[in-house]
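In what follows, a structure is listed as structure tokens, so that the remarks can point back to it.
The values are calculated or read from the model by the stated rules, or taken from the named source; none is laboratory data. Given the structure is predicted, the values throughout are model-derived calculations rather than measurements. Cβ: placed from backbone, ideal geometry, glycine included. Neighbour counts: every protein chain shown. Calculation scope for accessible area: heavy atoms of the full protein, side chains included, ligands and nucleic acids excluded. Shrake-Rupley method; radii C 1.70, N 1.55, O 1.52, S 1.80 Å.
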Amino acid sequence: MFFHAHPDDEALLTAGTMAMLAAQGHRVVLVVATSGERGQADLAPGEALGEARIAELYKSAAALGCARVVNLGYGDSGLAPGGGIAEDRPPDAFIDADCEEAARRLAGILAEEEADLLTVYDPAGGYGHPDHVQVNRVGGRAAEIAGTPVVLEATVNRDPLLRGLKLVRRFYPQLDIRAFERAYSPGEEITHRVNVRRFARQKRASMAAHATQATGADTRTLGVMLKVPGPLYRLIFGTEWYVQRGLPPGTRLRHPFEVPPKG
């Protein structure tokens, strides 16, 4: 089960892994906390945008081979202008949800699916979005309740990310990479490096499904990613990274279900 905050998060962080596991015969379930109704788009924030983004989510899930999609239905918390928690968030914002109650809802799905694996985000929520931080809290607790044996924090290896973005910036000098300089996880913390180059086509299709997040007056990160040429795309986006807490320092695994060596 892959737990994400908003539609399109799965495309950016875990799409290749999801497509790989589905191709290997695993039942892949995608759960989102919100419909992303407060995201940036040509559509005004609100119900119409939320409906559009959920439709895009189903299209993405189909491209990846997902067997089920669940929206927990919390409100998109949004972001304050300078980042962090917005003051004008809706009353049902995910960041304000009772962690234990939300975790029990998610645990119910984990138990129903008899899930062997749950992905969340790192404690900082990748780039700090409050809903991403809440995914870590709620997902971690849900796994405890349900007894889910493997919990992986979907992240990005900050080191090659910055190198790749600097390369992309040669083609798109307007790309601002400052927000990524302290985001996600340093390479030394990564426990899983999953090669998903064989599934680059499905990953690109997942990204492309989220049209509301790839277009608009401003330069959108997703839109820039979709313009990267095929060979460079596979190079930059051909690995997905995870952190599994509690493993010995220096652990290097290549598959979500790979068992760490003893000792």
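Projecting the Cα positions of Gly73, Val28, Val168 onto the charge dipole of the range 27-169 (unit charges on Cβ atoms of Lys, Arg, Asp and Glu, taken about the Cα centre) puts Val168 furthest along the positive direction.
For the range 203-263 and the range 57-83, what is the separation of their C-alpha centers, rounded to whole Å? When both Cα centres are located, 16 Å separates them.
Full extension of the chain between Arg169 and Arg252 yields a length gain of 26.9 nm, computed as 0.36 nm times the residue separation minus the alpha carbon distance. Under 5 Å from the amide H of His4 lie the amide H atoms of Val31, Val32, Ala33, each residue being 5 or more positions distant or on a separate chain, with H modelled from the backbone and absent for Pro and chain starts. Only helices enter this figure: runs of n ≥ 4 DSSP H residues, each worth -39500 (n - 2.57), summed and divided by the residues of the chain, yield -12000 deg cm²/dmol at 222 nm to the nearest 500. Quick check: the distance between the Cα centres of the range 160-196 and the range 30-48, to the nearest angstrom? The range 160-196 and the range 30-48 have Cα centres separated by 25 Å.
Keeping the other protein chains in place, figure out the carbon and sulfur percent of the accessible area of the chain, with a 1.4 Å probe.
Values: 6260 of 12380 Å².
Percent of accessible area from carbon and sulfur atoms in the chain: 51.
Surface exposure of the range 155-257, expressed per residue as accessible area with a 1.4 Å probe, stands at 55 Å².
Give the accessible surface of the range 1-152 per residue, rounded to a whole number of Å², with probe radius 1.4 Å and ligands, DNA and RNA excluded.
Details: 6030 Å² over 152 residues.
Here the residues of the range 1-152 average 40 Å² of exposed surface.
Which of Pro186, Asn157, Gly223 sits farthest toward the positive end of the charge dipole of the range 149-228, with +1 on the Cβ of Lys and Arg and -1 on the Cβ of Asp and Glu? The residue sitting most towards the positive pole is Gly223. Loop-resident GluC sites (Glu not before Pro) (DSSP state other than H, G, I, E or B) in the range 35-109 with no more than 15 further Cβ atoms inside 10 Å of their Cβ: Glu87.
The dipole here belongs to the range 92-225: it is taken about the Cα centre, uses +1 on the Cβ of Lys and Arg and -1 on the Cβ of Asp and Glu, and is about 1200 debye.
Here the dipole of the chain is about 1560 debye; that uses its Cα centre as origin and unit charges on the Cβ of Lys and Arg (positive) and Asp and Glu (negative). Each Cα pair of the range 171-263 feeds into the Kirkwood radius, which the Stokes-Einstein equation turns, at 4 °C and 1.567 mPa s, into a diffusion coefficient of 84 µm²/s.
Loop only per DSSP, at most 14 neighbouring Cβ atoms within 10 Å: give me the trypsin sites (Lys or Arg not before Pro) in the range 172-263, ordered by residue number.
Values: sites: Arg178, Arg182, Arg193, Arg197, Arg198, Arg201, Lys203, Arg204, Arg220, Lys227, Arg234, Arg245, Arg252, Arg254, Lys262; in loops: Arg182, Arg220, Lys227, Arg245, Arg252, Arg254, Lys262.
Answer in residue order: Arg182, Lys227, Arg245, Arg252, Arg254, Lys262.
Note on Cα Rg over 2.2 N^0.38 Å: of the candidates (i) 1.18; (ii) 0.95; (iii) 1.00, the value calculated from this structure sits at (ii).
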